[in-house]
Amino acid sequence: MRLDTLGVDESVSILFPPEILVEELAGLPVTTTVVNGSHGLDDCQAVVTFDYWDACDDLGWVHSIQSGVDQFPFDRMRAADVALTNSTGIHGDAIGETVAGYALAFSRRLHEHVANQGEATWSPPEWDDAWTVRGERACVVGLGTLGRGVVDRLTGLGVEITGVRRTPTPEPGVDEVYTPSELRDAVSNARFVVAAVPLTDDTRGLLDADVLAAMREDAYLINVARGAVVDQPALVSALEDGEIAGAALDVFETEPLPDSSPLWGMDEVIVSPHCAGFTHRYHKHVGSIVAENVERLQVGNDLINRVV
Ligand code: NDP
């Protein structure tokens with residue numbers, strides 16, 4: 001496809017102001033402007049976006065600023081001959097650090113101190129409430145960019161790692177790699193279970209009541225993938241019944257998490273607003289993938305990170 005005009009849709013403002021990505025891409029041999037796809041995309045041939053709009057059907061290329069593209073209409077895009085690329089590859093550092101933060105909050109009881117501070121309450125934990133993560137085990141479900149970032153941070157803290165992915169080949173820093181059919185075995189001896197898979201037909205509800213029941217009673221579930229990867233009602237029951245110790249959740253079946261959710265009020269649950277991958281350099285990381293693909297289009301090479 002020939003590319004002269006590239007839009008940066010206003011919907012990217014969920015992660016960064018669109019203008020700063022336009023600035024970041026200023027050196028490219030295309031005219032780049034901020035656009036509003038909900039009003040049409042007549043002036044561009046490709047768009048960098050968070051949302052998919054009807055007008056995207058008329059473009060040659062759509063780039064998602066997220067890694068997860070489960071909300072994009074794959075069949076419709078194929079029928080309309082629209083290429084879709086995503087932003088996988090850029091989230092390892094931010095997600096790895098966030099997951100390490102959740103793990104340390106639980107072990108060092110930091111979430112409890114923050115809650116107590118809000119009440120101006122001086123309340124040290126019981127002598128045996130605090131623990132250290134060294135020598136504990138984490139089961140990381142999904143060993144792509146996110147999983148790799150998590151493995152690197154947790155092994156640095158002395159945590160031992162079990163991994164899960166469909167391709168059971170060895171992975172540095174991971175003692176054993178299981179397949180999804182062995183998920184219950186894989187989680188059974190872990191203190192942390194970390195969901196880091198894309199949301200697909202295969203992973204919807206992957207962490208269900210059976211998997212939660214297979215976890216240790218002192219284990220914590222960490223979900224930085226997509227809410228629907230976990231059976232949320234089953235998770236709420238497992239937390240209420242003490243089947244697992246707690247959870248750190250960045251993503252939910254419904255976002256924002258509704259006021260009525262019991263998850264808000266649970267002492268051993270950390271809720272974050274789908275921001276585990278945020279960093280002030282996010283636009284630069286997205287910009288480097290977009291720039292690489294603009295250059296590839298100029299010389300007729302295949303796009304990187306192509307999903308459709
Ligand atoms: P990658 O494509 O780099 O990695 C995906 C990993 O999941 C691979 O190891 C893959 O291995 C594995 N996988 C895929 N399907 C299955 C399955 N059915 N069972 C077990 N493992 C599976 O993706 P990223 O790491 O970049 O991102 C993963 C997801 O995390 C995104 O799709 C997105 O939904 C979410 N995300 C959330 C963010 C946040 O802010 N909370 C930020 C960024 C991403 P294999 O193919 O061998 O199975």
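The values are calculated or read from the model by the stated rules, or taken from the named source; none is laboratory data. These numbers come from a predicted model, not from an experiment. Note: ideal-geometry Cβ built from the backbone for every residue, glycine included; neighbour counts use all protein chains shown. Areas reflect the complete protein model, heavy atoms only, side chains present, ligands, DNA and RNA absent. Shrake-Rupley method; radii C 1.70, N 1.55, O 1.52, S 1.80 Å.
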Which condition from (1) assigned by TED's automatic domain parsing to the domain that holds Ala228; (2) open to solvent by 30 Å² or more (accessible area, probe 1.4 Å); (3) within 25 Å of Pro198 (Cα to Cα) is the one that Asp81 breaks? (1)
Can you run down the residue pairs with Cβ atoms below 6 Å, 6 or more apart or on separate chains, where the first is in the range 212-241 and closer than 12 Å to Val269 by Cβ and the partner is assigned to a helix (DSSP H, G or I) and at pLDDT 95 or above? Tyr220/Phe106; Ile222/Val99; Ile222/Tyr102; Val236/Pro262; Ala238/Leu212
Restricting the search to the range 1-17, which residues are under 20 Å from Gly60 (Cβ atoms), out of contact with any Gly (no Cβ under 8 Å at 6 or more places or on another chain) and not in a loop (DSSP other than H, G, I, E, B)? Thr5, Leu6, Val8, Val12
With respect to Thr162, is the statement that it is surrounded by fewer than 16 Cβ atoms within 10 Å (Cβ to Cβ) and touching a Lys or Arg at 6+ places or on another chain (Cβ under 8 Å) true? no
The residue that is farthest from Arg2 (Cα to Cα), considering only those in the range 46-60 that are part of a helix (DSSP H, G or I) and open to solvent by 40 Å² or more (accessible area, probe 1.4 Å), is Asp54
